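Questions regarding the structure given below will be posed in turn.
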Amino acid sequence: MLDAFTAISRGTRCVYKPGLRRYVFLPILVNLLVYVSMFSFVINRFEGWLAHWMSMVPSWLDWLSWLIWPLFVLSLLVVVFFTFTLVTSLIAAPFYGFLAAKVEVQVTGREPLDDRGLVKTTIDALGREMVKLGYILPRAALLFVIGWIPGLNLLAPLLWALFSAWVMAITYLDYPMDNNKVAFRDMRGRLSARWWQSLSYGGLVTLMTWIPLANLFLIPGAVAGAVLMWDDHYRHAQSVTKRS
């Protein structure tokens, strides 16, 4: 069976072949603009955030300050790149959906089930992203609160890492599923049914987003890799929701 690393590697090679390259460069430009803006924002406010975080550490945990500082930095990195991916996915969703459809035709020889026109596909893609945000943001807010609770905040990096992997799986594996008329709830059920494949794929995509600048060129490969994962693992998978 296809593993996440192989899927993304094959997907990255696929999208930069003649015939698909022209669908990649506009999303890369969008990602670059968001990346530069977010990086500048974080650099300008990092010292203030760190000082506020350390001021919330109770005196009885002062002896752990050597550990808490790097945990804060790690948590911040996870949040920043998590947010970067959400923002770029929202803006570039129509392009990624279109790219996923083209990849599916090329690598499987099958047209997606989606028969919507270009304008309706674009509108529906943005609507689907809002549904994703409605699912993701409340859970992200809860993790954010946990990150500021003394003691519990020591678990924040691990929780953010697991949550980020799940979110990346939902974000990217949804492109081929949406193209094939899989409802959002059914999509989550299919991901849960193949939880190891979903988390390993999402975890790898999360790691990719942490590679400065290179991630701009790897994200389209993750979209193509999602198509390969869809065809190998999820096309005929039975949703956990349906089984129950």
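Hey, does the range 31-46 have a residue that's at pLDDT 75 or above, within 23 Å of Gly203 (Cβ to Cβ), open to solvent by less than 30 Å² (accessible area, probe 1.4 Å) and polar (S, T, N, Q)?
Yes, the range 31-46 contains a residue that is at pLDDT 75 or above, within 23 Å of Gly203 (Cβ to Cβ), open to solvent by less than 30 Å² (accessible area, probe 1.4 Å) and polar (S, T, N, Q).
In the list Phe163, Phe217, which residue meets the criterion of being in contact (Cβ under 8 Å) with a residue 24 or more places away in the chain and more than 19 Å from Phe98 (Cα to Cα)?
Details: Phe217 fails: more than 19 Å from Phe98 (Cα to Cα).
Only one candidate qualifies: Phe163.
What number of residues in the range 97-133 are open to solvent by less than 50 Å² (accessible area, probe 1.4 Å), of a type outside the set (A, V, I, L, M, F, W, C) and modelled with pLDDT of 80 or more?
8
Next question. Which of (1) farther than 19 Å from Leu33 by Cα; (2) of a type outside the set (Gly, Ala, Ser); (3) at pLDDT below 90 is the odd one out, the single condition Leu204 does not satisfy?
(3)
Any residue that is in contact with a Leu (Cβ under 7 Å, 6 or more places away or on another chain), open to solvent by less than 50 Å² (accessible area, probe 1.4 Å) and modelled with pLDDT under 90 - is there at least one of those in the range 160-173?
Yes, the conditions are met somewhere in the range 160-173.
Next question. Return the residues of the range 219-241 that are under 13 Å from the mean Cα position of the chain (by Cα) and surrounded by fewer than 24 Cβ atoms within 10 Å (Cβ to Cβ); say none if nothing qualifies.
Gly221
Have a look at Val15, Val24 and point out the one that is modelled with pLDDT of 85 or more, over 25 Å from Trp166 (Cβ atoms) and open to solvent by less than 30 Å² (accessible area, probe 1.4 Å).
On the way: Val15 fails: over 25 Å from Trp166 (Cβ atoms).
Result: Val24 is the single residue among Val15, Val24 that is modelled with pLDDT of 85 or more, over 25 Å from Trp166 (Cβ atoms) and open to solvent by less than 30 Å² (accessible area, probe 1.4 Å).
So, Ala237, is that one of a type outside the set (Phe, Trp, Tyr), over 22 Å from Ala140 (Cβ atoms) and without any contact (Cβ under 8 Å) to a residue 12 or more places away in the chain or not?
no
The values are calculated or read from the model by the stated rules, or taken from the named source; none is laboratory data. Only a predicted model underlies this, so the values are computations on that prediction, with no experimental measurement involved. Methodologically, a virtual Cβ is constructed for each residue, glycine included, from the backbone with ideal geometry; neighbour enumeration extends over all protein chains shown. Surface accessibility is based on the protein's heavy atoms, side chains included, excluding ligands, DNA and RNA. Shrake-Rupley method; radii C 1.70, N 1.55, O 1.52, S 1.80 Å.
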